[in-house]
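Presented below is the structure to which this report refers.
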Amino acid sequence: MQQAIKIIDAINKLLSIVLSVVLAVMALLIVAQVFTRYVVDISLTWSEEAARYLMVYSVFLGAALAIRYQKHVAIEILSESINEKARRIVKLIIMIICIVFFFMLLVKGIDILELVSRQKSPALRIPMTIPYAAIPIGAGLLILNSVAVILEMFIGKKEENH
């Protein structure tokens with residue numbers, strides 16, 4: 001189990017680099033769009049669409065990292081009022097429910113890819129499967145990181161602040 005966690009964490013290191021690049025490119029595109037529109041008086045017709053698609057990817061990739069390090073917003077009033085054993089059980093149930101939801105998201109995301117496979121984006125003219133692939137990719141990463149959280153619960157590793 002420890003080896004599986006190490007593999008998932010190695011994937012997450014790569015994922016955090018990819019997420020950093022996606023966010024940097026998105027920021028640069030937005031700055032370039034504002035600059036060309038208001039300073040040069042020429043509008044980049046494709047930059048807004050590219051930034052939008054990068055934002056979708058950043059949400060899914062960031063959510064996967066957040067679930068791994070348990071940084072999602074949570075209401076903890078119930079879990080703080082129960083003992084440690086009951087807290088672990090509640091956390092396990094929540095993670096299992098999340099995995100079920102993420103699995104449904106993965107399946108439906110793959111279905112959506114089939115529906116949009118013949119479409120091209122309006123400005124970039126890329127296949128719409130590229131932006132829509134964020135759904136199953138993100139769902140897969142969310143499942144992977146949820147499994148890592150559950151594995152850590154079983155091997156008894158204490159939660160770390162990352």
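Read the figures in this text as sums done on the coordinates, not as results from a lab. Since we're looking at a predicted model, the values are computed, not measured. Here Cβ is always computed from backbone atoms with ideal geometry, including for glycine, and neighbour counts include all displayed protein chains.
On alpha-carbon atoms, Rg over Rh for the chain using Kirkwood Rh?
1.08
Work out the FRET efficiency for ILE7 and LEU92 from their Cβ-Cβ distance, taking R0 = 22 Å, and round it to the nearest 0.05.
For ILE7 and LEU92, the calculated efficiency is 0.55.
Between ASN83 and ILE155, take the C-beta separation as r, use R0 = 25 Å, and let me know the FRET efficiency to the nearest 0.05.
Computed FRET efficiency for ASN83 and ILE155 comes out at 0.75.
Give the peptides 123-129, 80-86, 113-119 in descending order of average Cβ contacts within 10 Å, highest first.
123-129, 113-119, 80-86
What number, in percent, do you get for the relative contact order of segment 2-155 if the mean sequence gap of Cα pairs under 8 Å and at least 6 apart is divided by its residue count?
Here the relative contact order equals 30 percent.
Between THR45, MET55, SER146, whose Cα lies farthest towards the positive end of the dipole of the chain when Lys and Arg beta carbons carry +1 and Asp and Glu beta carbons carry -1, centred on the Cα centre?
The Cα lying farthest towards the positive end belongs to SER146.
Kindly express, to the nearest 10 degrees and within the range 0 to 90, the angle between helix 84-115's C-alpha long axis and the longest C-alpha principal axis of the chain.
Taking the Cα atoms of the chain, the angle to 84-115 is about 30 degrees.
Tally Lys/Arg at +1 and Asp/Glu at -1 over every other residue whose Cβ is under 15 Å from the Cβ of LEU78; what's the total?
+1
Quote the relative contact order of segment 72-162 in percent (integer), defining contacts as alpha-carbon pairs under 8 Å separated by 6+ residues.
About 29 percent, as a whole number.
Counting only helical runs of four or more DSSP H residues, what would the 222 nm mean residue ellipticity of the chain come to if each run contributes -39,500 (n - 2.57) and the total is spread over all its residues?
-25000 deg cm²/dmol
Between beta-carbons, use under 14 Å as the cut-off and find the net charge around PHE102, counting Lys and Arg +1, Asp and Glu -1.
So the environment of PHE102 carries a net charge of +2.
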